[in-house]
Every structure is written in structure tokens, then in C-alpha cells.
Amino acid sequence: MVFDVPLSFLALQLFIGLQNGAFYALLSLGLAVIFGMLNVINFAHGAQYMLGAFATWLGLEYLGISYWWSLLLVPIVLGLFGILIERALLRWLYDLDHLYGLLLTFGLVLIIEGLVTDGFGSSGLPYDKPALFAGSERLALSGLTGNERDFMVVPIYRLWIIVAAVILCIATWYMIERTRLGSYLRAATENPALVRAFGVNVPLLITLTYGFGVALAGFAGVLAAGLQAITPHMGSNLIIVVFAVVVIGGMGSILGSIITSFALGLVEAITRIAYPEASNIVIFVIMILVLLTRPAGLFGREA
Amino acid sequence: MPNSDIPIAAGSEAAMRASATVEPVIQVEGLQAYYGESHILHGVDLTVHEGELVTLLGRNGAGKTTTLKSIIGMVGQRAGSIRVLGQETVNLKSNRIARLGIAYCPEERGIFSSLSVEENLYLPPVIGEGGVSVEELFELFPNLKERRGTKQGTRLSGGEQQMLAIARILRTGAKVLLLDEPTEGLAPVIVQQIGNIIRKLKERGFTILLVEQNFRFAAGLAERNYVMEDGRIVDMVRHDELAAKEAQLQEFLGV
């Protein structure tokens, strides 16, 4: 017994915390990558995540596209949508203050959410995830048998979300920190003019980076489609927390934002058990403390 | 000392004669350049022939760095004519200009702190054949071989960073090098090493346009020296005229 609750309950809450952290990680990763290359705070990230969930629903409803194909196709479609936004709108703002990119992408959120609400209402759409993910497994937490409190219920779909997010995060980290393409990205984040003068097509790199960041949000949207009702505002609710996660972790480090995301998911879960009333604000309290003591974030580099 | 001048001067004349038939590697005519509202270059004319080592001398703010940055395309607003390896580049973006076979080493060295020494070395893409191999680079720059495992490029000393900044553009196969003050802020012994390296590069046939404040360093290496003032070329001094024009040069450069 910890916090006066059975071990099985505690384990399940921590597990759900990790699964929330998985969403924070996928979304904060995209935000951090986009901010690094474009200097744009992509407020539309939540709306793009929501579009990912809607696209998954539409794909199944009208085209018969299965969940598995959606995992592949929806990020591609969202990525192309991102590329269009970057080429048409964002590229005019790079020399201006961050505020302009924030305002433009905020405007996009209002337009996208408005259109989706108009088309599908705001009550939420159900999505049938593959039968494979239905139900849950029971996991023995100790050697004792027969005692119901020593079993943890592991919802299969939530487990899949954690596994998929961890794989994608590691793959993204590897690409950015360990490959030639990643070294272009890191160098162009520091000094785009010089990287371009070496013969690298930096504007193309920027466009693809935005597309990739939006594709990550789209992938998170597909995962969310199988978990919750799909509503036009599902992204806005989540993205505010994700912004706080990014502020806490700092923009400087890919690994930092991944670790921060999962850690904060766990912190939320523990708060939910220890003092449920605070579970919705604990991340923002931590954000304030971090801003006061380390303004660049836990893993960020001081400017 | 006069003896050592003769072969270089002769080489320079050969290059001059060749210029009648072969187009210069860099030909700048009437170059105007602006940073926002400020007009920096007011009609720069200069020519660099294949295999030549030419310097741009002048005081701080004379427009030397802006001239190099204009040639590589890092200055947004430029007018006039810049021909690089036979192609007009005044309207090209810097990534296209670099691909013609020209590379730039910035004054602030531009070593990336989020890249390791090795990643910094491999960063500039190969743009042509015949680049210097990494093994040869480590022979030219033994310090870099020792420090190749360093996780952060900017952890190197100033001299090592300068060597890395030169080494990485030699790998790419670019035959024309724009070097902006490679000796700035370095200890005399390192300045000497860099001088030796530039001499070796010239022997290997690289065409080099070098910006320098260090007049003695530059004049000892170059075949011709352009003198800049207030965004214009005001004089061109061949190596064999240095002695005669020294007093005049000192006055221009304020040394």
C-alpha cells in the first residue's frame, strides 16, 4: 500500500500517466523540432493532431481505410498539409518576431476547428479500433496468487500507445542526433545562412521539417482516435498542457523533451492519486517553478 | 629575400597572360551591396584567376567581408555582376553558388556547437570531384586528428576551430576558396601554421581569395593585393611592387 491505495490501482494510474506522457512526447517533439528550424511557435499543432484523428475516422467511414493503413497514410497526408501551410503562409514570417508565427498559427486553429465543428458537430465521433486492441491483460504484480489486489489490469490499446510513441521518439532522436540529415538540421538551427552557403538547400530542409512535425502530430491523432471520442477541440485541450511540457523541458534538447514528457505524465498520475484536486494544474505549477529558477527549461541551453 | 619573390611573380604573370584567353575564376564588376538601409559596397571591381592567391586588404569596415559574402551569396541585396567559374551569380541563392565549386570560411569560423568535431568536418556536402580526403586532411591538420572525438565542435581552441573551418571546406571538392581573416585572434605560432597550410593549398592548385587585416601575413603569401576603402577597391598591388608601395599601403591600412 502506497498513498493508502492498493498496489494494483497505483500501478494502473502510473501506467495511464505514462500513456498521457506518450502523447506529450509525440506532440512536444514536433513542436521542438519545428521551433528549432522555423523559429515558429506552432500553435496549430493541436489542431493538426485533431485533424489526424478526424482523418482516421473519415478514412474508415468513407474509404474503408483500416487503422493500420491510417497509421501510415494519415501522417503522410498531414505532412503534405503542413508543407502547404509552410510554403503558402509561414515562410513569409521567418524574419519577424516569434509573435507573428504564433498569431498566424493561432488563426489557423480557429479556422480549422471552426470548419470541423461546422462539418461534424462537436459532440464527438466514435472510432472502432481493431479487435486486437480491445480488452486488457491481467499482470501479476507479485508472487501471491488469488489476491485480486496483486493483479494489475493492462489495457492493451494504452500499452500500444506507449510502445508506438517510444519507438517513434527513439527513431526521431536517432535521426536528428545520429545521422547526416540530422547534422544538417542541427547546424541549420544554429546558423542557417552558413549551412546554405555550403550548398545545402536550407529552405527545402525547413519545409520538410515542418511537414515532419505536422506528420508527428497526425500520428498522435491516429493513436488518439482509438482511445477517445473524436471532437474538434480535442487538440486545444491537450496542446496547452504540451506547451507547458515544452517550457519545462526547454527547447534545446530532443532527448530532454522526450524524458520531460514521460516524467510529467507520471507526475500527473501520482498527483491524481495523492491529491486529485491538483492533478490538472500540477504541470502548470511546475512550469512556473521552472520558469522562476531555470528560464531556459530543465534541458534547455541558456541563450 | 628578393630571390624568393621571383617565382611567385613569374607565376602571377603567367596567370595574367592566361587571362587573355581563359575566363577568370572570379570576376566582380560594379558590385553594389546593401544590408537593409545601409549601402556597404559602392562598385567593387576585382578579378581572381585560376590558381591565384589574391588578398583583400583594408581597414575595419572597408567592405572586405561584405565582398566575400556577396560572392558566396550571403548578402541578400546585391547588384552589378559577379561571375564565378564562368557563370553569372548575382541573382543566385548561396546554395546554388556553392554548388558551382566555391567554398567560404567565415571570419567567426562558424563551428557548430551542436555538432561533434567529426560532424563539423563532414557537414559541408561534397560538391565536386577531387576533394582532399579525410586522411590527407588529418596529415595537414594533425591537431584535428587528435581532437576528432570531441563531442562539441566549439570545445576546440580558437586555432583548432580555425583549422577545422578550413579543413571542412577542403573535403568538398571546391576549387575556389574564400577565406575571411583566418589568422584573427590567433597566437603567432598558429598564424605561422595557417600560413604554411595556405601555401600548401596554393601549391595544390586551389584558387584563393583571402581577406586579411594582418598585412605582413597576407603580403608574404599573395600574388596580388587589392586595397579596399569605403566599399571600393582603391588600389591593386602586385607582389613585386610591395616594397615600392609599402609606405603608401601602410597609410591606407593605418598600421
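Each value in this text was obtained by applying a stated rule to the coordinates, not by laboratory testing. Note that the coordinates shown come from a computational prediction; the quantities given were computed from them, not determined experimentally. Ideal geometry is used to build each Cβ from the backbone, glycine not excepted, and the neighbour counts take in all protein chains shown.
Counting only aspartates and glutamates at least 8 places from B:LYS202 when in the same chain, those with an alpha carbon closer than 14 Å to its own are B:GLU50, B:GLU52, B:GLU223. Other protein chain C-beta atoms within 10 Å of residue C-beta, averaged over B:29-42: 0. For A:PHE106 and A:ARG294, what does the FRET efficiency come to when R0 = 22 Å and r is the distance between their Cβ atoms, rounded to the nearest 0.05? FRET efficiency, A:PHE106 to A:ARG294: 0.25. Using the Karplus relation 6.51 cos²θ - 1.76 cosθ + 1.60 with θ = phi - 60°, the per-residue 3J(HN,Hα) values for region B:206-213 come to 5, 9, 10, 10, 10, 9, 9, 9 Hz, with x marking Gly and Pro. For region A:155-303, the ratio of Cα radius of gyration to the globular rule of thumb 2.2 N^0.38 Å stands at 1.19. For the peptide A:198-207, the mean number of other protein chain Cβ atoms found within 10 angstrom of a residue's Cβ is 5.
In order along region A:26-37, the Karplus-derived 3J(HN,Hα) couplings, from 6.51 cos²θ - 1.76 cosθ + 1.60 at θ = phi - 60°, round to 4, 7, 5, 4, x, 4, 5, 5, 5, 4, x, 8 Hz, and Gly and Pro are given as x. Each label was represented as a point 7 Å from its Cα along the Cα-to-Cβ direction; for B:ASN91 and B:PHE138 these points are 4.7 nm apart.
Here the spin labels are modelled as points 7 Å beyond Cα on the Cα-Cβ line, and at A:ILE281 and B:TYR34 they lie 5.4 nm apart. Please compute the modelled spin-label separation between A:ASP97 and A:ILE240, points set 7 Å along Cα→Cβ, answer in nm with one decimal. With each label placed 7 Å out from Cα toward Cβ, I get 2.4 nm.
When shorter helices are ignored and each DSSP H run of at least 4 residues is given -39500 (n - 2.57), the per-residue value for the protein assembly as shown at 222 nm works out to -17500 deg cm²/dmol.
With an 8 Å Cα cut-off and a minimum separation of 6 or more residues, compute the relative contact order for chain B in percent. Before the final figure, lay out each step's value.
Values: 482 pairs, mean separation 68.2, N = 255.
Across chain B, relative contact order equals 27 percent.
Starting with the highest mean, order A:162-171, B:60-69, A:36-45 by the number of other Cβ atoms within 10 Å, averaged over the residues of each peptide.
The packing order, highest mean first, is A:36-45, B:60-69, A:162-171.
Applying 1/(1 + (r/R0)^6) with R0 = 25 Å to the Cβ-Cβ distance of A:TYR174 and B:LYS151 gives a FRET efficiency near 0.90. By the count of neighbouring beta-carbon atoms within 10 Å, fewest first, B:LEU56, A:LEU10 end up ordered A:LEU10, B:LEU56. Within region A:199-217, name every residue whose backbone N is under 17 Å away from a label modeled 7 Å from Cα of B:VAL126 along the Cβ vector. Correct set: A:199-200. In a fully extended conformation the segment linking A:ILE76 and A:ILE167 would gain 31.0 nm over its present Cα-Cα distance, using 0.36 nm per residue. Inter-chain neighbour count for A:177-185: the average number of beta-carbon atoms from partner chains within 10 Å of each residue's beta-carbon is 3.
Between A:LEU115 and A:ILE156, the FRET efficiency from the beta-carbon distance, with R0 = 41 Å, is close to 0.75.
Taken over the Cα atoms of chain A, the convex hull encloses 149 Å³ per residue.
Here the protein assembly as shown carries DSSP beta bridges of which approximately 60% are antiparallel, counting only pairs with both residues inside.
Take the alpha carbon gyration tensor of the protein assembly as shown, find the square roots of its eigenvalues, order them as a ≥ b ≥ c, and report rounded if a/c is under 1.5; if not, report prolate when a/b exceeds b/c, else oblate.
prolate
Once a ≥ b ≥ c are taken as the square roots of the eigenvalues of the Cα gyration tensor of chain B, is the result rounded (a/c under 1.5), prolate (a/b larger than b/c) or oblate (a/b not larger than b/c)?
On the way: a/c = 1.44, a/b = 1.23, b/c = 1.17.
It is rounded, given that a/c, with a ≥ b ≥ c, falls under 1.5.
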